[in-house]
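Okay, structure first, notes after.
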Amino acid sequence: MRRSTVFSTAVVAVALTALSGCKDAPSGAAAPAAPAATSAAPVAGAFDPEAALAQAEKTPYAASVKVVTEAAGQEISTMTGRSNLGTRFTGRTEVRSASAIPAAQAVWMETVTTTDANYVRNRTQSGSWVKMPRAEGANEADYAGYAKLLLATGPAARKGMEDQAGTPAYHLTGHLGIDQVASVDPRTHRSMKAKGVTGFDIDQWIDSQGRTRRFEQRMDVRGVPAANKATFGEFGPLETFAAPAGS
């Protein structure tokens, strides 16, 4: 019964559009090393996050994304894909459940979102593409919007510069109430509010161009802790996503 509850929670989390540091306190002879760790020189390429986000609004881009969904500390599914961000959403994604999920509950879904339609196929069943009308906002999450909401919560949101896979990034953190995200992530807002979620703990890392490099969203869904952990990369100019062959 517990496994079913966890999986049901994860299926809800997969619908999110998608996709911490710790400090040691040395003592004794090692104590002098602590100030060096906490008072290090500024990370090369330091920038103001608000200026970076303003730049992002001017330059839409394509990116690859990977989102790992967890429930009760267990990896449930992985979403991979490539999408246009910072503009009207189009892209292609694939969601597959983790190998630990029972075969009867396994998920393998592909989605292609074009400028005028959504194409979905369930690879665990027939594998045929099904065309559906595109609902505006249904698949879109405004990551720059999330960052602005975090900045608006106050100075505590600014954790400062950190390295993310060799790229200087600004770390933002905070808690957002469920209704705060309605304007930047409408699908998540509707889905999670219906499940009784009241808010999210969020960590987000943006680069000097305002692009999200990493995004972690944690919540409690019907008593089960759940999380989406997203990473973004392979940035480039906007791309065209056409209807899949055979659709």
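The values are calculated or read from the model by the stated rules, or taken from the named source; none is laboratory data. Because the structure is predicted, anything quoted here is derived from the model rather than measured. Note that we place each Cβ from the backbone using ideal geometry, even for glycine, and neighbour counts take in every protein chain shown. For the accessible areas, the whole protein counts, side chains as well, though only heavy atoms, and no ligand, DNA or RNA atoms are used. Shrake-Rupley method; radii C 1.70, N 1.55, O 1.52, S 1.80 Å.
Applying the set (1) modelled with pLDDT of 90 or more; (2) open to solvent by less than 50 Å² (accessible area, probe 1.4 Å); (3) among the hydrophobic types (A, V, I, L, M, F, W, C) to residue 108 leaves exactly one unmet item: (2).
In the set 180, 164, only one residue is closer than 30 Å to residue 132 by Cβ, polar (S, T, N, Q) and surrounded by 15 or more Cβ atoms within 10 Å (Cβ to Cβ); that residue is 180.
The one condition from (1) in a strand (DSSP E or B); (2) farther than 18 Å from residue 63 by Cα; (3) in contact with a strand residue (DSSP E or B) (Cβ under 6 Å, 6 or more places away or on another chain) that residue 197 does not meet is (1).
Quick one: would you say residue 199 is in contact with a helix residue (DSSP H, G or I) (Cβ under 8 Å, 6 or more places away or on another chain), more than 19 Å from residue 222 (Cβ to Cβ) and of a type in the set (Gly, Ala, Ser)? Outline the logic, then answer.
Values: in contact with a helix residue (DSSP H, G or I) (Cβ under 8 Å, 6 or more places away or on another chain): yes; more than 19 Å from residue 222 (Cβ to Cβ): no; of a type in the set (Gly, Ala, Ser): yes.
Criteria not met by residue 199.
Here residue 139 meets each of (1) of a type in the set (S, T, N, Q); (2) open to solvent by 60 Å² or more (accessible area, probe 1.4 Å); (3) at pLDDT below 90 with one exception, condition (2). With respect to the conditions (1) touching a Gly at 6+ places or on another chain (Cβ under 8 Å); (2) open to solvent by less than 70 Å² (accessible area, probe 1.4 Å); (3) of a type outside the set (Phe, Trp, Tyr); (4) in a strand (DSSP E or B), residue 175 falls short on a single one, namely (2).
So, of the residues in region 222-247 that are assigned to a strand (DSSP E or B) and farther than 29 Å from residue 53 by Cβ, which turns out to be least open to solvent (accessible area, probe 1.4 Å)? Selected residue: 224. Filtered by the rule that a residue be β-branched (Val, Ile, Thr), surrounded by 18 or more Cβ atoms within 10 Å (Cβ to Cβ) and not in a strand (DSSP E or B), region 71-101 gives a lone residue, 101.
Among the conditions (1) open to solvent by 20 Å² or more (accessible area, probe 1.4 Å); (2) hydroxyl-bearing (Ser, Thr, Tyr); (3) within 24 Å of residue 96 (Cα to Cα), the only one that residue 114 does not satisfy is (1).
Scan region 203-247 for residues that are of a type in the set (A, V, I, L, M, F, W, C) and within 21 Å of residue 175 (Cβ to Cβ) and the total you get is 9.
Of all positions in region 62-70, at least one carries a residue that is in contact with a helix residue (DSSP H, G or I) (Cβ under 7 Å, 6 or more places away or on another chain), surrounded by 16 or more Cβ atoms within 10 Å (Cβ to Cβ) and under 28 Å from residue 220 (Cα atoms).
Is region 142-157 home to any residue that is over 29 Å from residue 198 (Cα atoms) and surrounded by 17 or more Cβ atoms within 10 Å (Cβ to Cβ)? Scanning region 142-157, I find no residue that is over 29 Å from residue 198 (Cα atoms) and surrounded by 17 or more Cβ atoms within 10 Å (Cβ to Cβ), so the answer is no.
Candidates 212, 188: the one that is open to solvent by less than 30 Å² (accessible area, probe 1.4 Å) and within 30 Å of residue 128 (Cα to Cα) is 188.
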